[in-house]
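The values are calculated or read from the model by the stated rules, or taken from the named source; none is laboratory data. On a predicted model such as this, the values are computed, not experimentally measured, just so you know. Heads up, the Cβs are rebuilt from the backbone with ideal geometry, glycines too, and the neighbour counts pull from every protein chain shown. The protein model used for the area step is the full one, side chains on, heavy atoms only, and it has no ligands, DNA or RNA in it. Shrake-Rupley method; radii C 1.70, N 1.55, O 1.52, S 1.80 Å.
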Amino acid sequence: MSVDSNITRAGIRDRADLLARIMITPAILYIAVMIGFPFVLAILYSLSNATTGDPTLHLIGFDNFRAVFADPVFRISLKNTFVFALVSQSLVIILSRILATALMADFRGKWVIRFLIMLPWTAPISLGTIGWLWMFDSIFSPIDWILRSLGLLGTPGALLGPMQNLYWLGEPGFAMSSVIIVHIWRLLPLATVIQMAGLSSIPRDLLEAAEVDGARAWRRTVEITIPLTMPIISIAFLFGLVFTFTDMTVVYVLTRGGPIHMTQVLATWTFFKGIEGGDLAQGAAVSLFMFPVLAGIAALVLRMAKRAEVV
C-alpha cells in the first residue's frame with residue numbers, strides 16, 4: 001500500500017501540467033469567491049431597481065445605464081478619472097525613473113533615503129491624506145506660509161497677486177492639482193521600487209561597453225536603459241492606473257468630489273450614488289463602467305509590454 005502511494009505521489013510530481021492545476025486551484029477559488037461573486041451581484045443590482053431601503057432584486061433591464069449616461073455628474077466623473085489617472089501616472093513614471101537612477105548609485109546614507117521614500121507607501125492612505133488635508137488648509141497651510149515667506153503670496157507685487165491664501169481645495173484648478181499631487185506622493189514609492197528592479201536586471205557589461213564606445217549618459221538611457229526596462233515600466237504604469245482608477249480615499253478625504261463635482265471620480269460617485277444616496281442599482285451601474293475601461297487599458301499596456309520584451 002505504501003509503495004503504491006509513493007508511486008502515485010511521484011507520478012503527480014512528475015506531471016507538470018497536473019501539478020500546475022493543483023497549485024493554481026486555491027488562487028482560482030479565491031478569485032471566484034472574493035471577486036467573481038461581488039461582480040455578478042453588481043451586474044444583477046445594475047439591472048434592478050434595488051435601493052438600500054429595499055435591496056430585493058426586481059429586474060428592470062438597462063434603465064439604470066441609460067440614466068447614468070444621461071447624468072452630467074457621471075460625465076464629469078469619467079473625464080476627471082482619466083485626467084487624474086493619466087496625468088498622475090505619467091508624472092509618477094518620470095519621477096520614479098529619476099529616483100530609481102539616483103538610488104542605484106553608491107553614496108552614504110542611501111538606506112535612509114530609501115526608507116524615507118518608502119514611507120508614503122507603508123503609511124495608511126487615509127492617515128496620509130488627512131495629513132495632506134492640513135497641508136492644503138485654506139488658513140493654516142504651510143505651503144501658503146512658505147510662498148508668503150518667499151514673497152510670492154500676499155505682498156504688493158507678488159507673483160500670485162494680493163491674495164492672502166490659496167484655496168487649494170476650494171478652487172477647481174487647485175483642487176484637481178491637489179488630488180493629483182497626493183496620488184503622485186502615494187504611488188511614487190511603488191513605481192520607484194519596480195523601476196529599481198528593472199534597472200538592476202540590466203547587465204553591467206552592456207552599459208560599460210556602451211560607455212567605452214563613447215556613449216554619453218543620455219544616449220545610454222535612451223538607447224539601452226529605457227528599451228530594456230520598457231516591460232517593467234509598462235507594469236508599473238498599469239499598477240498605477242489600476243490603483244488610481246479604483247481609489248476613492250484621496251478624493252473623499254480631500255474634497256468629497258467638490259467644488260461642485262469638479263474633482264468627482266467614478267469611484268467616489270459610485271459611493272455617493274449607491275451608498276450615501278441609497279440607489280444601489282445606479283451605483284452598481286456606475287461601478288461596472290470601470291470594468292471594461294480597466295480591462296481595455298490592461299490589455300493594451302500588457303500588449304505593449306509584450307512587444308517591447310520581444311524586441
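Here is a yes/no grid of residues against (1) outside any loop (DSSP other than H, G, I, E, B); (2) modelled with pLDDT under 80; (3) of a type in the set (Lys, Arg); (4) at positive phi:
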position: 165; (1), (2), (3), (4): no, yes, no, no
position: 175; (1), (2), (3), (4): yes, no, no, no
position: 199; (1), (2), (3), (4): yes, no, no, no
position: 215; (1), (2), (3), (4): no, yes, no, no
position: 221; (1), (2), (3), (4): yes, yes, no, no
position: 228; (1), (2), (3), (4): yes, no, no, no
position: 232; (1), (2), (3), (4): yes, no, no, no
position: 242; (1), (2), (3), (4): yes, no, no, no
note = Out of (1) open to solvent by less than 60 Å² (accessible area, probe 1.4 Å); (2) at pLDDT 85 or above; (3) on the phi < 0 side of the Ramachandran plot, the one residue 262 does not meet is (1)
request  = Could you list all residues from region 101-130 that are among the basic types (Lys, Arg) and in a helix (DSSP H, G or I)?
outcome  = 110, 114
task = State all residues of region 87-106 that are within 14 Å of the chain's Cα centre (by Cα) and either surrounded by fewer than 16 Cβ atoms within 10 Å (Cβ to Cβ) or without any contact (Cβ under 8 Å) to a residue 60 or more places away in the chain (or both); if no residue qualifies, say none.
result = 90
request  = Go through region 182-193 residue by residue and tally those that are closer than 18 Å to residue 124 by Cβ and open to solvent by 20 Å² or more (accessible area, probe 1.4 Å).
outcome  = 5
query = What do you reckon, is residue 290 in contact (Cβ under 8 Å) with a residue 24 or more places away in the chain and more than 15 Å from the chain's Cα centre (by Cα)?
reply = no
query = Which one of these is in contact with a helix residue (DSSP H, G or I) (Cβ under 7 Å, 6 or more places away or on another chain), modelled with pLDDT of 90 or more, closer than 20 Å to residue 289 by Cβ and open to solvent by less than 70 Å² (accessible area, probe 1.4 Å): 81, 129?
reply = 81
key: So residue 121, is it open to solvent by 80 Å² or more (accessible area, probe 1.4 Å) and at negative phi   = yes
query = How about region 256-278: which of its residues are among the β-branched types (Val, Ile, Thr) and either part of a helix (DSSP H, G or I) or in contact with a strand residue (DSSP E or B) (Cβ under 9 Å, 6 or more places away or on another chain) (or both)?
reply = 268, 270, 275
